[in-house]
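> Structure incoming, see below.
The values are calculated or read from the model by the stated rules, or taken from the named source; none is laboratory data. Keep in mind it's a predicted model, so treat the numbers as computed, not measured. Every residue, glycine as well, gets a Cβ built from its backbone with ideal geometry; the counts of neighbours run over all protein chains shown.
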Amino acid sequence: MFNLQKATVFARDRQGFPKMSEDIDGQIKRKETELSFICQCMEELKNEFIKETVSFASEWYKKTTKEYVVKYSEISLGVKEEQIAKMKAQVNELVHDTEKIVKSELDVVVLWWHQRPSLRDSINQYLQVADKYPIILDGAVRHVLGRLGLILEEYKFNVFASGNTGSYAEFWFDKPRGDGFTSVPYYPHLFKWSGEMQGTIQKYHSQYLKAIALYTEIQKLKDEKKQHQAMNRWDSI
């Protein structure tokens, strides 16, 4: 319902003053231009985060493989040299494919607000608190790291990443919601993102807060414009 002040504005409009909707259009255009610039910055930060994750994951694969070879030395020493050589070749191939793996997990529209703006998202969606990373991205990074588990499982290093279960083993997989049959490799243990990854997402979070505030203002202006148009149509008939 419109108050007396707004009704007066509409009356003045009919007497030849500039229509309120024109002013709203100008505000919307200015704010959308500003939002577009912020989203461009967010896209650059997304690409930077992907690049940093590739660097982090490729080194992590090599480091973690060696940790498991040492941790389960009795298994390592009991495997034939040909098998060790084959395993090393598979790890090297995994490292070589890191960029493709990371992009398949992280270059996904649903993970990045600027690619699918919404008013329903929490303002804390990309917030980091100490070593607790944003859930929306943490899961994707863990899926990247979990690919190593498939190799560790194949060579019996007490890891199950393909969805099988057993006694006294590490379960490196999760099951997507709504699908009780499909399992996805997933690293389950504590780990730290690189300093570069953390810094980039902190910057993304900062831009996100500005973007969602602007997007909220734009939607309110668009709703107000529709209300004005509805009232003008009513008055014109």
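> Being without any contact (Cβ under 8 Å) to a residue 24 or more places away in the chain, of a type in the set (S, T, N, Q) and under 30 Å from K220 (Cα atoms) narrows it down to one of S76, S122, S162, so name that one.
Working: S76 fails: under 30 Å from K220 (Cα atoms); S162 fails: under 30 Å from K220 (Cα atoms).
Only one candidate passes the filter, namely S122.
> Looking at the structure I just gave you, is I201 in contact with a Pro (Cβ under 8 Å, 6 or more places away or on another chain) and either among the charged types (D, E, K, R) or at pLDDT 95 or above (or both)?
On the way: in contact with a Pro (Cβ under 8 Å, 6 or more places away or on another chain): yes; either among the charged types (D, E, K, R) or at pLDDT 95 or above (or both): yes.
When the stated conditions are applied, I201 passes them.
> Now for a different question. Which residues, counting only those in segment 179-237, are among the aliphatic types (A, V, I, L, M), assigned to a helix (DSSP H, G or I) and within 29 Å of L94 (Cα to Cα)? Break it down into steps so the answer makes sense when it comes.
Taking segment 179-237 first, the residues among the aliphatic types (A, V, I, L, M) are 184, 190, 197, 201, 209, 211-214, 218, 221, 230-231, 237.
Now drop any that are not assigned to a helix (DSSP H, G or I), which leaves 197, 201, 209, 211-214, 218, 221, 230-231.
Residues satisfying the conditions are M197, I201.
> Sticking with this one: Could you tell me which of the residues L94, L127 is outside any loop (DSSP other than H, G, I, E, B), under 24 Å from the mean Cα position of the chain (by Cα) and modelled with pLDDT of 95 or more?
Details: L127 fails: outside any loop (DSSP other than H, G, I, E, B).
The conditions single out L94.
> What number of residues within segment 99-114 satisfy the criterion of being closer than 22 Å to T33 by Cα, touching a residue at least 12 places away in the same chain (Cβ under 8 Å) and either among the acidic types (D, E) or part of a helix (DSSP H, G or I) (or both)? Explain how you work it out, then say what you get.
Within segment 99-114, the subset closer than 22 Å to T33 by Cα is 109, 112-114.
Add one more test, that the residue is touching a residue at least 12 places away in the same chain (Cβ under 8 Å), and what stays is 112-114.
Adding the requirement that they be either among the acidic types (D, E) or part of a helix (DSSP H, G or I) (or both) leaves 113-114.
Counting residues in segment 99-114 that are closer than 22 Å to T33 by Cα, touching a residue at least 12 places away in the same chain (Cβ under 8 Å) and either among the acidic types (D, E) or part of a helix (DSSP H, G or I) (or both) gives 2.
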